[in-house]
């Protein structure tokens with residue numbers, strides 16, 4: 001069989017090759033964004049410029065060009081998105097409150113209550129599993145379960161009373177350390 005431009009086999013092969021090329025370009029073009037490790041010595045929150053602890057409150061955005069933007073509180077990450085939009089956002093990550101593992105923002109479950117101590121007093125913590133979020137609310141006797149979609153309508157208010165309690169001047173204070181210590185004690189006691 002002779003391959004010529006007019007032969008049916010040539011046209012079918014060329015079509016299949018074009019489809020394969022388009023598929024490969026599409027597959028290779030999709031990026032798998034990964035969160036970067038927190039370096040407590042050098043990393044600063046993009047919004048409040050405070051040092052970032054490598055803890056359950058740290059969040060980050062990976063931009064479409066691969067840059068990592070790190071935040072000390074999910075509220076700071078929301079503020080950045082509000083100011084800058086999502087056109088350059090490749091992925092957003094939060095931490096699981098129980099394991100500190102990175103989670104995709106849109107797949108996590110959230111518990112909000114103004115009394116929850118977080119670095120910038122936004123009162124919001126994230127969980128990988130809905131059941132873990134519900135258990136946290138039951139243990140605390142407070143909280144509202146939310147998804148990433150529901151956070152779009154969240155008020156994102158800072159608990160000013162909590163900030164004032166610790167002379168909070170946009171830095172990590174004793175109240176954050178207390179919240180972390182309470183969390184560690186709960187883990188130790190199997191709660």
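Sorting 125, 111, 89 from the fewest to the most surrounding beta carbons within 10 angstrom yields 89, 111, 125. Going by neighbour counts of Cβ atoms within 10 Å, the residues 95, 160 line up, fewest first, as 160, 95. Put in line by how crowded their Cβ is, counting other Cβ atoms within 10 Å and starting with the fewest, 68, 115, 126 read 115, 68, 126.
None of the figures in this text is laboratory data; all of them are computed from the coordinates on show. Since the model is a prediction, treat every value here as computed from it, not as a measurement. All Cβ positions, even for glycine, are placed from backbone atoms using ideal geometry, and neighbour counts span all protein chains on display.
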